[in-house]
């Protein structure tokens, strides 16, 4: 008798479950996207990724497919999964090149690598990649409002690369490998002459040449230094080194 009473309830739950499933399946691309955006705004990123993936896979030709692809990148970016974010933004560029979101995606690719760029003492592969992507953004979208920000970030990253070369030169000076130190100071001057380490690198180069007893060359470099940095705070230090 108990089994007989429970049967209608089980049937009712099953029917409701089927109806709910059918409703879910019948959602349009736009409705799916809105569900994803609600989850995204609530910071439920994994749930949002599920909804956006359904849009891109089941409705690739819809008007919101490119938005869904872009927000897949945004979900990964906000989760600090920067390599995955770059991959999703790249997918938008590759699969939907006519989308109005492509410039934004290009900037966010660069920003993802910028976030991955480590301190100067570590390997700088991601730093170089970020510079390349920011430069691509500036080249392809020169009138975009984010160009000035991209330029500032390129300068910041170039300073980081210059710092790595400069720190290496200082290390060689301490180890008294003066020829190697000259080489790395020169790298800063040749490759990062616009960085904040250029002035210090010039002073270091002059000192390393003195240590190598290349006095004529050191004096010539000092003349160049004073011409390039007439108001330098290192004037007395360089003059002292030369004496």
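The values are calculated or read from the model by the stated rules, or taken from the named source; none is laboratory data. Bear in mind that the values here come from a model prediction, so they are computed numbers and not experimental data. Note that we place each Cβ from the backbone using ideal geometry, even for glycine, and neighbour counts take in every protein chain shown.
Brief remarks follow.
Quick grid of which residues meet (1) under 13 Å from the mean Cα position of the chain (by Cα); (2) in a loop (DSSP other than H, G, I, E, B); (3) surrounded by fewer than 17 Cβ atoms within 10 Å (Cβ to Cβ):
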position: 94; (1), (2), (3): no, no, yes
position: 111; (1), (2), (3): yes, no, no
position: 128; (1), (2), (3): yes, no, yes
position: 152; (1), (2), (3): yes, no, yes
position: 162; (1), (2), (3): no, no, no
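- Where residue 84 falls short, out of the listed (1) farther than 27 Å from residue 136 by Cα; (2) assigned to a helix (DSSP H, G or I): (1)
- Subset tally (residues that are in a helix (DSSP H, G or I), touching a residue at least 24 places away in the same chain (Cβ under 8 Å) and buried (at least 20 other Cβ atoms within 10 Å of the Cβ)) for segment 50-73: 9
- Taken residue by residue, segment 126-134 has no member that is over 19 Å from residue 71 (Cα atoms) and in contact (Cβ under 8 Å) with a residue 40 or more places away in the chain.
- The helices (runs of 4 or more DSSP H) found entirely in segment 168-243 that carry 1 or more residues being at pLDDT 90 or above, in contact with a helix residue (DSSP H, G or I) (Cβ under 7 Å, 6 or more places away or on another chain) and crowded, with 16+ Cβ neighbours inside 10 Å are 178-191, 198-211, 215-228.
- Hey, residue 118 under 13 Å from the mean Cα position of the chain (by Cα) and over 27 Å from residue 56 (Cα atoms) or not: yes
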